[in-house]
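J.: Okay, handing you the structure first.
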Amino acid sequence: MDSKTSASPLLEVVDLYTHFDTPRGVAHAVDGVSFRLERGRTLGIVGESGSGKSVLSRTIIDILAKDGSVLNQGEVRFEGRDLMALPEKDMREIRGREIAMVFQDPMSSLNPVKKIGKQITEVLVKRLGMPGAEAKRRAVELIESVGIPDAAQQLDRFPMHLSGGMRQRVAIAIALAGEPKLLIADEPTTALDVTIQAQILDLLRRQQVERNMAVILITHDLGIVAQYTDDVVVMYAGQIVESCSTEELIRRPRMPYTEALMNSAPNLADPPHTRLDAIPGMPPNLLRVPQGCRFADRCPYAAEKCSTEMPALAHDEDSSHIYACWYPLEVKEAVSA
Amino acid sequence: MSALNALLSIENMTVEYTNQGQRFAAISDINIDIAEGETLGLVGESGCGKSTTGRAIIQLPAPTMGKVTFEGRDLSELNHEEMRQVRRRLQIIFQDPVSSLNPRRKVKDIVAEPLVIAGMKDAAERERRVREVLEAVGVDPDTAMDRRPHQFSGGQCQRICIARALIMEPKLIVCDEPVSALDVSVQAQILNLLEDMKERYGLTLLFISHDLAVVKNISDRVAVMYLGKFCELADSARIYEAPAHPYTAGLMATIPDLSTIGADAGPALMGEIPSPLNPPSGCHFRTRCPHAQERCAAEEPEFRQIESGHHVACHFPLTEQES
């Protein structure tokens, strides 16, 4: 996050805006977002519904509607090239090869009437120009690498024959087929059971390490962020409100929203019937965003200034931990070991 | 396991479905009592039979075999009209609050509908009752009554669903994944609300969820289901402190939480839940169990008590191995 870092990162998003022109007004889905991601790192983007985390990922790979309803501004620099300025023809080369994506619902990214093997070899033949026989061999390897048993037999099956977890493994195999440098996983386990969730997240981490691939893991679950990411960005109402290393965020949150998000989830260590610290109210309407801090209405620490002036992202001296808050939480000196 | 103060008893309940001509048991031969005033959590993965259990209790559809007794009456012996009367006291709320509400109707009509069906003719009294329950669930009646569901967020729609369930003054509410579709901050609001309503209206809850942390927070006792059977049942605090069934322990190890920054959680449970069309012999969980032995394939473990109030269906429960 330090602007003085010299070498160009794998991905750098600079002051990105994605607004939707709707019949009821302009929705500020992503509103001035900047972050950078180094090669081989895993970045978590965490936020609740409507925070802009999924729109952000779709803006990065440029798959939002092209009918004029989407208003974009800003830069998405991938290995130094601004993807926002690339013609669709060049962007198609990047999508699926340099940057691949895995979605929440694997059924929506798989073709229901095509055999699994065909869906993988297609990427290998069309994207990498691999000969058919080699592609088939590689497809078996890919299916094996994502932990699907009897790989050779599975190639002839259709997505409907597989469980949700197996479908997500196939979607990951397809994403990996193009050997991407960046994999964006948008709530990849939200539709899956907890035991399968752990299997899929472990698989993603293993692949990330083996391939030295960068991963953006989009989730609403801070527990997943804690366990599977190196760095984290917290989004609220279209903006980044806090960003730092994952460990730093969990131990020393500075933005009251982050703290509130952590406290509102039931904690397994607490006894039954522990009263939860719910966050009162709701996120603001993105059609009419408030002029001050967007969390001010729900913030227990808000003062007058908070509803009139928007706090900019700032960081303390000697720290790359950034947050947007007029009255950040005190850094509690590490009490626990 | 029949207790004297049981509000609801399930005895030898089996629910069968037919899939492509083959009959299979979604729930096989389960027994449990729910005491008046308690919250029983029912937890498990998709396809374990937890929702089927909730629906079989309200007889939608009725179980294939076995008996559900509510307030001392065997529900399978009631005729249609009697069952309608009982259902007022036996309500259910669902996972998706938005699709549970008729999009064309106003909130006041949605919430008042059970009263209309019950034959309450006095419109002024109906409105009074609707206002009362809406206020109780934290929805402002003055602004909400004339609006339609799409004008509310998911959390508010779930509050409206709870208001509609409460208006008949039920004894028991089956909550089928009521917070799974909600954001974590809203989930906390709804869980707190359910606790408040339980206190205020003297409710008994059957709380069905796949989320172990949520279930621990709201439940007095927790039952863990796997492939149509109970594998463990104990007090909420106890089952988390000393899970006896390897499946319960495995489920708990897989929850990512804030205390595990960057660390590897326990080994993920291998494999997936088998098809109920062709369940494994012996113990249903043995195909994924790290401790499975020959006996587990040959002999189905009995659901037995290992300490007061703590039941487990396992030949080699974890707590006994340690001691």
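J.: When only DSSP loop residues count, what GluC sites (Glu not before Pro) in the stretch A:98-189 have their Cβ near at most 14 other Cβ atoms within 10 Å? If you can, show how the numbers build up before the last one.
T.: Working: sites: A:Glu98, A:Glu122, A:Glu134, A:Glu141, A:Glu144; in loops: A:Glu98.
Qualifying residues, ordered by number: none.
J.: In what order do A:Met91, A:Met235 fall by count of nearby beta-carbon atoms within 10 Å, going from fewest to most? Mind showing how you got there, number by number?
T.: Values: A:Met91 16, A:Met235 25.
In increasing order of surrounding Cβ atoms, one gets A:Met91, A:Met235.
J.: Rg (Å, one decimal) plus Dmax (Å, integer) for the alpha carbons of the stretch B:1-140?
T.: According to the Cα coordinates of the stretch B:1-140, Rg and Dmax are 17.7, 53 Å.
J.: Now for a separate question. With the alpha-carbon atoms as the only input, what is the per residue convex hull volume for the stretch B:116-167 in Å³? Could you put the intermediate results ahead of the total?
T.: Values: hull volume 4.1 nm³, N = 52.
Residue-normalised Cα hull volume stands at 79 Å³.
J.: Send over the per residue convex hull volume for chain B, Cα only, as a whole number of Å³. Walk me through the numbers on the way to the answer.
T.: On the way: hull volume 49.9 nm³, N = 323.
Dividing the Cα hull volume of chain B by its residue count gives 155 Å³.
J.: Next question. How shielded is A:219-226 by partner chains, expressed as the average number of their Cβ atoms within 10 Å of its Cβ atoms? Walk me through the numbers on the way to the answer.
T.: Working: counts 1, 2, 4, 4, 10, 2, 3, 8.
Other-chain Cβ atoms within 10 Å of each residue's Cβ, averaged: 4.
J.: Follow-up. In the structure displayed, which of A:Lys53/A:Lys181; B:Lys171/B:Lys229; B:Lys50/B:Lys121 lie more than 28 Å apart, Cα to Cα? Please list the in-between numbers first.
T.: Details: A:Lys53/A:Lys181 20 Å; B:Lys171/B:Lys229 26 Å; B:Lys50/B:Lys121 38 Å.
From the list (A:Lys53/A:Lys181; B:Lys171/B:Lys229; B:Lys50/B:Lys121), the Cα-Cα distance tops 28 Å for B:Lys50/B:Lys121.
J.: To continue, here is another question. How do B:His311, A:His161 line up, fewest other C-beta atoms within 10 Å first?
T.: Arranged by neighbour count, lowest to highest, B:His311, A:His161 become A:His161, B:His311.
J.: For the stretch A:215-296, just say rounded, prolate or oblate: build the C-alpha gyration tensor, square-root its eigenvalues into a ≥ b ≥ c, call rounded for a/c under 1.5, and beyond that prolate if a/b exceeds b/c, oblate if not.
T.: Details: a/c = 2.02, a/b = 1.17, b/c = 1.72.
In terms of gyration-tensor shape, oblate.
J.: Continuing with the same structure: In 10 Å bins starting at zero, report the fraction of Cα pairs in the stretch A:62-122 per bin as a rounded %.
T.: 16, 41, 32, 11
J.: Which whole-Hz ³J(HN,Hα) couplings does the stretch B:94-105 yield from phi under the Karplus relation 6.51 cos²θ - 1.76 cosθ + 1.60, θ = phi - 60°, glycine and proline marked x?
T.: Going residue by residue, I get 10, 5, 9, x, 6, 6, 7, 10, 5, x, 8, 9 Hz, with x marking Gly and Pro.
J.: Rounded, prolate or oblate: pick one for the stretch A:95-141, where a ≥ b ≥ c are the square roots of the eigenvalues of its C-alpha gyration tensor, a/c under 1.5 means rounded, and failing that, prolate if a/b is larger than b/c, else oblate. Please list the in-between numbers first.
T.: Numbers: a/c = 2.34, a/b = 1.39, b/c = 1.68.
Oblate, because a/c is 1.5 or more while a/b does not exceed b/c.
J.: Related question: Starting from the Cα gyration tensor of the protein assembly as shown, take the square roots of the eigenvalues, sort them a ≥ b ≥ c, and report rounded, prolate or oblate (rounded when a/c is under 1.5, otherwise prolate if a/b is larger than b/c, else oblate).
T.: Numbers: a/c = 1.71, a/b = 1.25, b/c = 1.36.
In terms of gyration-tensor shape, oblate.
J.: Here's a follow-up. If you count, for each residue, the other Cβ atoms within 10 Å and average over each peptide, how do A:66-78, A:38-50 line up from highest to lowest?
T.: Numbers: A:66-78: 14.4, A:38-50: 20.8.
Those peptides, ordered most packed to least, come out A:38-50, A:66-78.
J.: Cut-off is 10 Å between beta-carbons; in what order do B:Tyr247, A:Tyr323, B:Tyr240, A:Tyr301 appear when sorted fewest neighbours first?
T.: On the way: B:Tyr247 27, A:Tyr323 24, B:Tyr240 20, A:Tyr301 14.
Listing B:Tyr247, A:Tyr323, B:Tyr240, A:Tyr301 from fewest to most nearby Cβ atoms yields A:Tyr301, B:Tyr240, A:Tyr323, B:Tyr247.
J.: Now, a different point. May I ask you to work out the translational diffusion coefficient for the stretch B:102-195 at 37 °C, viscosity 0.692 mPa s, via Stokes-Einstein with Rh from the Kirkwood sum over Cα pairs, reported in whole µm²/s? Don't skip to the answer; put the middle values down first.
T.: Working: Rh = 13.6 Å.
The Stokes-Einstein estimate is 241 µm²/s.
J.: Additional query: What are the GluC sites (Glu not before Pro) within the stretch B:210-316 that DSSP puts in a loop, where the Cβ has at most 12 other Cβ atoms within 10 Å? Walk me through the numbers before you get to the answer.
T.: Working: sites: B:Glu232, B:Glu241, B:Glu272, B:Glu294, B:Glu299, B:Glu302, B:Glu307; in loops: B:Glu272, B:Glu299, B:Glu302.
Here the sparse-neighbourhood loop sites are B:Glu299, B:Glu302.
J.: Could you pull the Cα extents of chain A along its three principal axes, largest to smallest, in whole Å?
T.: Its Cα atoms span 67, 51, 44 Å along the three principal axes.
J.: Given labels modelled 7 Å from the Cα in the Cβ direction, how far is it in nm from A:Asp277 to B:Asn278?
T.: Going from the A:Asp277 label point to the B:Asn278 one covers 5.1 nm.
J.: Projecting each Cα onto the charge dipole of chain A (Lys/Arg +1, Asp/Glu -1 at the beta carbon, about the Cα centre), which of A:Ser320, A:Ile200, A:Pro256 comes out farthest on the positive side?
T.: After comparing all options, I get A:Ile200.
J.: Okay, moving on. Specify which residue in the list B:Pro274, B:Met13, B:Cys157 is farthest towards the positive end of the charge dipole of chain B, using unit charges on the beta carbon of Lys, Arg (+1) and Asp, Glu (-1), about the Cα centre.
T.: Of the listed residues, the answer is B:Cys157.
J.: I've got another one for you. By a straight-distance test (C-alpha under 16 Å), which aspartates and glutamates pair with A:Lys305 as possible cross-link partners, with residues fewer than eight away in the same chain excluded?
T.: Output for A:Lys305: A:Asp297.
J.: A further question follows. Expressed as a rounded percentage, what relative contact order does chain A have, with Cα pairs under 8 Å and six or more residues apart?
T.: Numbers: 602 pairs, mean separation 67.5, N = 337.
Reported relative contact order: 20 percent.
J.: In addition: Consider all pairwise Cα distances in the stretch A:257-337 and report the whole-number % of them above 22 Å. Please list the in-between numbers first.
T.: Details: 1284 of 3240 pairs.
Pairs farther apart than 22 Å: 40 percent.
J.: Taking amide H atoms as placed 1.01 Å from N in the peptide plane, list the residues 5 or more away in sequence, or in a different chain, whose amide H sits under 5 Å from that of B:Thr204.
T.: Counting only residues 5 or more places away or on other chains, the set is B:Gly37, B:Leu172, B:Ile173.
J.: Given R₀ = 35 Å, what would the calculated FRET efficiency be for A:Glu122 paired with A:Glu38, taking r from the Cβ atoms and rounding to 0.05? Mind dumping the intermediate values first?
T.: Numbers: r = 31 Å, r/R0 = 0.89.
Rounded to the nearest 0.05, the efficiency is 0.65.
J.: Here's a follow-up. Given a cut-off of 17 Å, what percent of all Cα-Cα pairs of the stretch B:45-109 lie beyond it? Please list the in-between numbers first.
T.: Values: 1096 of 2080 pairs.
Tail fraction, whole percent: 53.
J.: Turning to a different aspect of this structure: So for chain A: antiparallel DSSP bridges make up what percent, rounded to the nearest 5?
T.: Values: 30 of 49 bridges.
Here the share of antiparallel DSSP bridges comes out near 60 percent.
J.: Expressed in nm², what is the orientationally averaged projection area of the convex hull enclosing the Cα positions of the stretch A:109-243?
T.: Details: hull surface 35.9 nm².
Computing the convex hull of the Cα atoms and averaging its projections yields 9.0 nm².
J.: Mind listing the long-range amide H neighbours of A:Gly32? Cut-off is under 5 Å, sequence gap 5 or more, other chains count too, H placed in the peptide plane at 1.01 Å from N.
T.: Under 5 Å from the amide H of A:Gly32 lie the amide H atoms of A:Leu16, A:Tyr17, A:Thr18, each far enough along the sequence or on another chain.
J.: Based only on Cα atoms, what Rg/Rh ratio does the stretch B:178-280 have, Rh being taken as Kirkwood's radius? Could you put the intermediate results ahead of the total?
T.: On the way: Rg = 15.5 Å, Rh = 15.6 Å.
Here the Rg-to-Rh quotient is 0.99.
J.: Express in whole angstrom the spacing between the alpha-carbon centres of the stretch B:284-323 and the stretch A:275-295.
T.: Their Cα centres are 48 Å away from one another.
J.: Sum -39500 (n - 2.57) across every DSSP H segment of at least 4 residues in chain B, then divide by the residue count to get the 222 nm mean residue ellipticity, nearest 500.
T.: Numbers: 12 runs with 107 residues, N = 323.
Here the helix-only value at 222 nm equals -9500 deg cm²/dmol.
J.: Right, here's the next one. Taking a temperature of 10 °C and a viscosity of 1.306 mPa s, what whole-number D in µm²/s does Stokes-Einstein yield for the stretch B:7-57 with Rh from Kirkwood over alpha carbon pairs?
T.: On the way: Rh = 12.1 Å.
Reported coefficient: 131 µm²/s.
Values quoted throughout were computed directly from the atomic coordinates according to the rules given, and no laboratory measurement underlies them. All of these numbers come straight from a predicted model, not from anything done at the bench. Note that we place each Cβ from the backbone using ideal geometry, even for glycine, and neighbour counts take in every protein chain shown.
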